[in-house]
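Enquirer: This is the structure, below, for whatever I ask next.
The values are calculated or read from the model by the stated rules, or taken from the named source; none is laboratory data. Owing to the predicted nature of the structure, the values given are computational and were not obtained by experimental measurement. As a convention, Cβ positions derive from the backbone with ideal geometry for all residues, glycine included, and neighbour counts pool all protein chains shown.
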Amino acid sequence: MDTARARDLLTAELADLDERVRYAESSRAEAASDAGDEGGSGTHPADHGADVTSSMDSELLLDTVADQRRGVRGALARIEAGSYGRCLVCDREIDDERLEARPEVPTCREHADTPVVV
Ligand SMILES: [Zn+2]
């Protein structure tokens, strides 16, 4: 893939992830401030359960987004270093179809499940 296009895609993705972090952090803060204050809008146990779940979801989302951001930043660093588009395991070119779908992938299909440090 053209690295200029890859950079565009990755930069857009990073902005999108930043947005999701802000959203997750605000909903986590909301869930925390709701705890112990039902405000008369329903004291049913199920409502409390829903608050706990949404707080946990926010934590999970923040973890996931943090991982994705690391991946995207790693890919941008590889563009700067001139090694973008090559598998970190075998150094072969990653096919365009795979990069189109997930521009931040650090490995080829063959090494999709190989853990790498990006
Ligand atoms: Zn590979």
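Enquirer: How many of the residues in the stretch 89-106 are β-branched (Val, Ile, Thr) and out of contact with any Ser or Thr (no Cβ under 9 Å at 6 or more places or on another chain)?
Expert: Total meeting the criteria: 1.
Enquirer: Can I ask one more? Can you tell me which residue in the stretch 63-116 is nearest to Arg5 (Cα to Cα), limited to those that are more than 15 Å from the ligand (Cβ to nearest atom) and assigned to a loop (DSSP other than H, G, I, E, B)?
Expert: Ranking the qualifying residues of the stretch 63-116, first place goes to Pro103.
Enquirer: Suppose we filter Thr11, Thr43, Thr53 for residues that are polar (S, T, N, Q), in a helix (DSSP H, G or I) and modelled with pLDDT under 85; which single one remains?
Expert: Numbers: Thr11 fails: modelled with pLDDT under 85; Thr43 fails: in a helix (DSSP H, G or I).
Matching residue, one of Thr11, Thr43, Thr53: Thr53.
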